[in-house]
Amino acid sequence: MWRSCPRLRNWGRRALNWSPGGPTTSMGPGPNTLSPSRDYAPPAGGFEINLDHRKLKTPQAKLFTVPSEALAIAVATEWDSQQDTIKFYTMHLTTLCNTCLDNPTQRNKDQLTQAAVKFLDTDTICYRVEEPQTLVELQKNEWDPIIEWTKKRYGVEIGFSTSIMGPSIPAKTREVLVSHLASYNMWALQGIEFVVAQLKSMVLTLGLIDLHLTVEQAVLLSRLEEEYQIQKWGNIEWAHDYELQELRARTAAGTLFVHLCSENTTVKHKLLQE
């Protein structure tokens, strides 16, 4: 349970403290179970999470340190929400932090940016069906507005196609979006790429990160054809609902991660048209 969060002015000496009484993790061999107490404490030069007075480490045994206090609180809350068994697959913020710290694919900032922009080639909302007409109209009514918003907001051209080859994305559009994403730090970029991968859409991710769309709206738009088929043929008990909730959780976590990682970073929006 959250008890207190004493704040010290010195960056390297700030603290996140929970009083004893909450569960803690056993990180050794065997099943990950929770025992009777947990404490959170600060590192020098950043923020860390301590479990049962032991420093949390990444899969590559690096010290788990995050760049902002807000992100540290969010990750600590994620750990504190675990009950009898630690379910790592529900801890999306922790997973994203581990990815940033370990960088298992050894990608640099430019490679992350290019990977995110490359999703334009297969962007969900840029692929349209030719039939049935009801779905054609649904895609037009629901997807066209966000495409138009993106074109106006970023001053780019984005089309759509019914061909399996996909739409043709102008080189200038790529340049503008690459330049825009380059204004984010490495941690935020990891979060952006994560969200893009969940939604299968760079366009929807831009709308979500820029607060033009809510998580629920972005997820629904990314699943538009699937939701159409569910309305037409019915829902598979549990399966579709589970997939929907999981996608919302991952998308929400990724979006929150981007904003928390940008807390102490000045993101330049020179390319944006107000």
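Odds and ends about this structure:
- The set of residues in segment 78-115 that are in contact (Cβ under 8 Å) with a residue 60 or more places away in the chain and small (Gly, Ala, Ser) contains only Ala115.
- Residues satisfying the stated conditions in segment 91-130, i.e. of a type in the set (S, T, N, Q), open to solvent by 40 Å² or more (accessible area, probe 1.4 Å), touching a helix residue (DSSP H, G or I) at 6+ places or on another chain (Cβ under 9 Å) and not in a helix (DSSP H, G or I): Thr105, Asn108
- Only a single item in (1) modelled with pLDDT under 80; (2) at positive phi is not met by His53, and it is number (1).
- Test: Pro67 is over 17 Å from the mean Cα position of the chain (by Cα) and touching a residue at least 40 places away in the same chain (Cβ under 8 Å): no
- Flag if Ile236 is over 28 Å from Arg107 (Cβ atoms), open to solvent by 40 Å² or more (accessible area, probe 1.4 Å) and either modelled with pLDDT of 95 or more or not basic (Lys, Arg) (or both): yes
- Note on segment 210-233: residues that are within 20 Å of His92 (Cα to Cα) and open to solvent by less than 20 Å² (accessible area, probe 1.4 Å) total 2.
- Top-ranked residue of segment 135-168 - restricted to ones that are part of a helix (DSSP H, G or I) and among the aromatic types (Phe, Trp, Tyr), ranked as surrounded by the fewest Cβ atoms within 10 Å (Cβ to Cβ): Trp149
- Enumeration of residues in segment 206-240 that are in contact (Cβ under 8 Å) with a residue 40 or more places away in the chain and part of a helix (DSSP H, G or I): Leu206, Gly207, Leu208, Ile209, Val215, Leu221, Ser222, Leu224, Glu225, Tyr228
- Close pairs from segment 137-157: first over 21 Å from Glu227 (Cβ atoms), partner among the polar types (S, T, N, Q) and surrounded by fewer than 16 Cβ atoms within 10 Å (Cβ to Cβ), Cβ under 6 Å, at least 6 apart: Gly155/Gln273
- Leu177 vs. criteria more than 17 Å from the chain's Cα centre (by Cα) and either open to solvent by 50 Å² or more (accessible area, probe 1.4 Å) or within 21 Å of Phe257 (Cα to Cα) (or both): yes
The values are calculated or read from the model by the stated rules, or taken from the named source; none is laboratory data. Keep in mind that what you see is a predicted model, and the values were worked out from it rather than measured. When we count neighbours, we look across all protein chains shown, and the Cβ atoms used for this are built from the backbone with ideal geometry, even at glycine. Surface areas here come from the heavy atoms of the whole protein model, side chains and all, with no ligands, DNA or RNA. Shrake-Rupley method; radii C 1.70, N 1.55, O 1.52, S 1.80 Å.
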